[in-house]
Amino acid sequence: MERTISIAVQKSGRLSEKSLDLIKACGIDFSADSRVLKATASGFPLSFLFVRDDDIPQYVADGVADIGIVGRNEYDESGMELDVVRDLGFASCRLSIAVPRGFDYHGLKSLEGKRIATSYPRILSRILTENNVSATPVVVSGSVEITVDVGIADAIADLVSTGTTLKMNGLEEAECIYRSSAIMIANPDLDDEKRALLTRLLERIDAVMMARHKKYILFNLPEDKLDEAAAVIGGMKSPTVTPLMDKGWVSVQSAVDESRFWAVFERLRALGAEGILVMNIEKMTE
Ligand code: ATP
Ligand code: ZN
C-alpha cells in the first residue's frame with residue numbers, strides 16, 4: 001500500500017476553511033464531509049484528521065497525525081517541542097492585555113500584583129516573567145472578556161483581531177504582548193518516507209503562498225522608458241521584454257508584490273505605460 005502522511009486540521013472554527021483552502025490550492029482534493037473524523041485525499045498521499053485545535057499539538061506529538069495546522073498560540077501554549085515547518089500567515093491575531101476603562105495602564109509593570117484572566121497562562125506567565133512582573137493568572141477557557149465585570153480579574157490577556165468584543169465589555173486594549181498566525185507543525189521523528197512526502201507538500205505550499213502575494217503585470221511601454229520601468233518594478237529578476245511591431249514600443253511582463261502593486265501601477269502610468277493587464281498568479285517558484 002502507498003504510504004501516506006496524515007495532517008490534523010481544525011474541524012470547525014477560524015482555522016478550518018483557510019487550512020483546507022491552502023491544501024486544495026496545492027492540487028489536493030478530498031470529500032469534505034464534516035461529520036467524518038478522517039478523510040483521504042486524492043492528488044497526494046495525504047489523509048486528514050479533523051479535530052479541535054487545542055488537541056492538534058498533542059496528536060502530532062503522539063504521532064496520531066504526522067503534521068498539523070494550528071495557531072502559534074495553541075502550539076506555544078501546549079508547551080510541546082515539535083518542528084515548526086512553516087508560518088502560513090493566515091488567522092493572524094494578537095494576544096493583548098486589556099484593562100477596564102479608567103485603569104491607569106503604563107506598561108506591564110502596571111499589572112504587578114493584579115489578577116489577569118486568560119486562556120493562555122503559559123504564554124502570559126512567560127512574558128510576565130521576562131518582564132519581572134509578578135501577577136496572578138486566572139485561567140478560564142472562554143469568555144475571558146467578562147471576567148473583569150464579574151469581579152474575578154483586574155485585567156485580561158486575550159486574543160484580539162479587531163477589538164470590538166473588548167469594547168462591548170467595557171475593556172480597552174492596552175498592549176499587544178504576543179502575535180500569532182497559523183503554523184504548520186510536524187512530528188520531529190518522521191521516517192524518511194514521510195519526511196520526503198512532507199518536503200513535497202511544503203514545495204507546493206511555498207509555491208501557493210508565494211503566488212498569493214504577487215500579481216502578474218503585462219503592459220506596453222515606450223522603449224526609452226525601459227530602464228526607469230525596470231527600476232520601478234524591482235523584484236526578483238529583470239522583467240521579460242518583447243519588441244512590439246510598433247517601432248519604439250516594447251511589451252513588458254513581470255511579477256510584482258501585491259503590497260506594492262498600486263504604487264508600481266501609478267508610476268508605470270506616469271512613465272507612459274499603456275494597456276496594463278493584471279493577473280492573479282496561481283502558483284510560482286523563485
Ligand atoms: P475548537 O472548537 O477547535 O477548540 P476554538 O474556539 O478554540 O476552536 P477558534 O475560535 O476557531 O478556536 O480559533 C482558532 C484559532 O484562530 C485561534 O487559536 C487563533 O490562533 C486564531 N484566531 C484568529 N483570530 C482570532 C480571534 N479574534 N480570537 C481568537 N482566535 C483567533
Ligand atoms: Zn480550541
TODO: Among the trypsin sites (Lys or Arg not before Pro) in segment 176-271, which ones are in a DSSP loop with at most 16 other Cβ atoms within 10 Å of the Cβ? Mind listing them?
DONE: Lys237, Lys247
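Quick one: of the DSSP bridges fully inside segment 50-192, what percent are antiparallel, nearest 5? Can you show the working numbers first?
On the way: 22 of 29 bridges.
So the antiparallel bridges in segment 50-192 amount to around 75 percent.
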TODO: Mind running the shape call on the chain? Use the C-alpha gyration tensor, a ≥ b ≥ c as the square roots of the eigenvalues: rounded below 1.5 for a/c, prolate if a/b tops b/c, oblate otherwise.
DONE: oblate
- [ ] Along Cα→Cβ, 7 Å out, is where each label goes; now give me the distance between the ones at Lys109 and Asp87 in nm to one decimal.
- [x] 3.0
Open item on the list: With angles folded into 0 to 90 degrees, how steeply does helix 261-270 sit against the dominant principal axis of the chain? Use alpha carbons for both and round to 10.
Closed with: 30
- [ ] Counting other Cβ atoms within 10 Å, keep those with at most 14, restrict to DSSP loop, and tell me which trypsin sites (Lys or Arg not before Pro) in segment 1-106 are left.
- [x] Arg3, Arg35, Arg52, Arg101
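Once every DSSP H run of n ≥ 4 in the chain is given -39500 (n - 2.57) and the sum is divided by its residues, what mean residue ellipticity at 222 nm do you get, rounded to the nearest 500 deg cm²/dmol? The partial results should precede the final answer.
On the way: 8 runs with 78 residues, N = 286.
-8000 deg cm²/dmol, from helical runs alone.
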- [ ] Pop the C-beta distance of Leu271 and His213 into the FRET formula with R0 = 22 Å and round what comes out to the nearest 0.05.
- [x] 0.35
Open item on the list: Out of all DSSP beta bridges in the chain, what portion is antiparallel? Express it as a percent rounded to 5.
Closed with: 75
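Give a quick list of GluC sites (Glu not before Pro) in segment 49-104 that DSSP marks as loop, anything other than H, G, I, E or B, with at most 16 other Cβ atoms within 10 Å.
Here the GluC sites (Glu not before Pro) that fit, given the DSSP loop and packing criteria, are Glu81.
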TODO: Find which of Asn280, Thr242, Ile217 sits farthest along the positive direction of the dipole of segment 214-280, computed with +1 on the beta-carbon of Lys and Arg, -1 on that of Asp and Glu, about the Cα centre.
DONE: Asn280
Open item on the list: Only four residue types carry charge here, +1 at the Cβ of Lys and Arg and -1 at the Cβ of Asp and Glu. Report the dipole size of the chain about the Cα centre in Debye, rounded to the nearest 20.
Closed with: 400
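Values quoted throughout were computed directly from the atomic coordinates according to the rules given, and no laboratory measurement underlies them. If you're wondering where the values come from, they're calculated on a predicted model, not measured in any experiment. Please note: Cβ atoms are built from the backbone with ideal geometry, for glycine as well, and neighbour counts cover all protein chains shown.
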